[in-house]
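Below is one structure; the comments refer to it alone.
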Protein chains: 2
Amino acid sequence: MAEADTPNSDEPFYLDDLHVGQRFTSGSHVLDAAQIKAFASEFDPQPFHLDDEAAKATLFGGLAASGWHTAALTMRLLVQNGLPIAGGIVGSGGELSWLKPARPGDTLRVESEIVEVTPSRSRPDRGSVRVRSETRNQHGDVVQTFTARLVVPRRISSQQA
Amino acid sequence: MAEADTPNSDEPFYLDDLHVGQRFTSGSHVLDAAQIKAFASEFDPQPFHLDDEAAKATLFGGLAASGWHTAALTMRLLVQNGLPIAGGIVGSGGELSWLKPARPGDTLRVESEIVEVTPSRSRPDRGSVRVRSETRNQHGDVVQTFTARLVVPRRISSQQA
């Protein structure tokens with residue numbers, strides 16, 4: 001049987017509960033032009049993120065969300081219920097790719113897969129996990145991938161506490 | 001003579017103007033607790049980014065900015081005058097590392113260095129550039145590095161237009 005998506009229960013996942021190939025799916029977020037322009041005004045004030053008309057003459061061919069906006073929305077979807085890690089989602093970085101822009105009217109959703117689980121040798125209370133998260137629009141097109149390095153606690157830590 | 005920082009003039013840089021080792025420095029941004037909490041409320045609602053007291057009991061030991069907030073502020077500093085690329089800063093992704101959290105009261109600044117310049121073989125009007133940007137606080141500590149892949153136009157494109 002192929003690996004089914006893990007139902008996102010209310011019980012958060014410790015390192016001991018995670019394995020390579022395990023998958024999680026987030027809820028969804030509907031993006032609109034007002035959100036795109038508000039984020040861009042504050043963090044990425046470039047014409048292709050701010051102005052419908054000006055955007056048409058650029059590489060993007062129309063209003064597009066800042067990649068950092070897509071990344072921030074991806075994080076919200078993961079935090080809300082897309083990746084229920086014990087103690088929260090704490091990352092030290094990762095590899096980010098923007099494959100196509102997110103546009104006004106897009107519905108975004110995040111599908112994540114555990115790609116590596118490594119208990120710490122020096123710290124028995126934690127380990128590191130690599131998770132590849134694909135952010136998709138309503139057509140199933142991947143707009144962003146982020147392969148994150150996360151710090152995840154072990155169950156043993158609560159027994160020792 | 002060591003490579004000096006390139007003065008950030010009003011003239012944007014085309015691919016033809018960039019070379020490996022060239023450096024750019026941004027202006028600065030002062031972070032405070034209200035900004036940290038506002039960003040986190042919208043995009044990364046976890047206790048260590050939202051609540052001073054709750055944050056003390058976590059891995060962070062006190063209120064810390066979301067890594068995505070640090071990334072978004074880095075982008076703003078680059079767009080404002082930190083990396084004056086012709087046609088704007090258009091990235092396809094990169095490698096992101098959060099080395100330490102940004103905190104309330106931190107003054108952030110971004111230092112960037114060109115690490116690769118590659119004219120496109122198929123498109124004579126553009127090329128790709130890799131830029132490593134270090135985001136530092138007022139103590140000089142690096143809080144984030146991002147090595148971006150950018151699409152940068154060539155001067156030839158305006159002659160052909």
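The values are calculated or read from the model by the stated rules, or taken from the named source; none is laboratory data. Given the structure is predicted, the values throughout are model-derived calculations rather than measurements. Counting neighbours? That spans all protein chains shown, and the Cβs are built from the backbone with ideal geometry, glycine included. Just the protein is used for accessible areas: all its heavy atoms, side chains included, with ligands, DNA and RNA removed. Shrake-Rupley method; radii C 1.70, N 1.55, O 1.52, S 1.80 Å.
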Legend entry - Matching residues, the range B:50-82, being under 15 Å from B:ALA148 (Cβ atoms), open to solvent by 10 Å² or more (accessible area, probe 1.4 Å) and more than 7 Å from chain A (Cβ to nearest Cβ): B:LEU78
Inset, instruction - Considering every residue within the range A:131-146, establish whether at least one is open to solvent by 40 Å² or more (accessible area, probe 1.4 Å) and under 19 Å from B:LEU59 (Cα atoms). - result: no
Legend entry - the range B:113-131 residues that are modelled with pLDDT under 95, paired with ones that are open to solvent by 60 Å² or more (accessible area, probe 1.4 Å) and among the β-branched types (Val, Ile, Thr) (beta carbon under 8 Å, 6 or more apart): B:PRO124/B:ILE156; B:ASP125/B:ILE156
Inset, instruction - Residue by residue through the range B:48-101, note down the ones that are outside any helix (DSSP H, G or I) and among the basic types (Lys, Arg). - result: B:LYS100
Legend entry - Selected residue [under 18 Å from B:ARG23 (Cα atoms) and part of a loop (DSSP other than H, G, I, E, B)] from B:GLY105, B:GLY140: B:GLY140
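Is it true that some residue in the range A:2-9 is open to solvent by 40 Å² or more (accessible area, probe 1.4 Å), in a loop (DSSP other than H, G, I, E, B) and of a type in the set (Asp, Glu)? Please lay out each step first, then the result.
Here is the first cut: in the range A:2-9, the ones open to solvent by 40 Å² or more (accessible area, probe 1.4 Å) are A:2-5, A:7-9.
Retained after the next criterion (residues that are in a loop (DSSP other than H, G, I, E, B)): A:2-4, A:7-9.
Next, only the ones that are of a type in the set (Asp, Glu) stay: A:3.
Scanning the range A:2-9, I find at least one residue that is open to solvent by 40 Å² or more (accessible area, probe 1.4 Å), in a loop (DSSP other than H, G, I, E, B) and of a type in the set (Asp, Glu), so the answer is yes.
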Inset, instruction - Might you check whether a residue that is assigned to a loop (DSSP other than H, G, I, E, B) and closer than 24 Å to B:ALA102 by Cα occurs anywhere in the range A:146-156? - result: no
Inset, instruction - Look through A:PRO12, A:PRO101, A:PRO47 and report the one residue that is crowded, with 21+ Cβ neighbours inside 10 Å and either more than 12 Å from the chain's Cα centre (by Cα) or not hydroxyl-bearing (Ser, Thr, Tyr) (or both). - result: A:PRO101
Inset, instruction - Tell me which residues, restricted to the range B:7-58, are without any contact (Cβ under 8 Å) to a residue 12 or more places away in the chain and of a type in the set (A, V, I, L, M, F, W, C). - result: B:ALA34, B:ALA38, B:ALA54, B:ALA55, B:ALA57
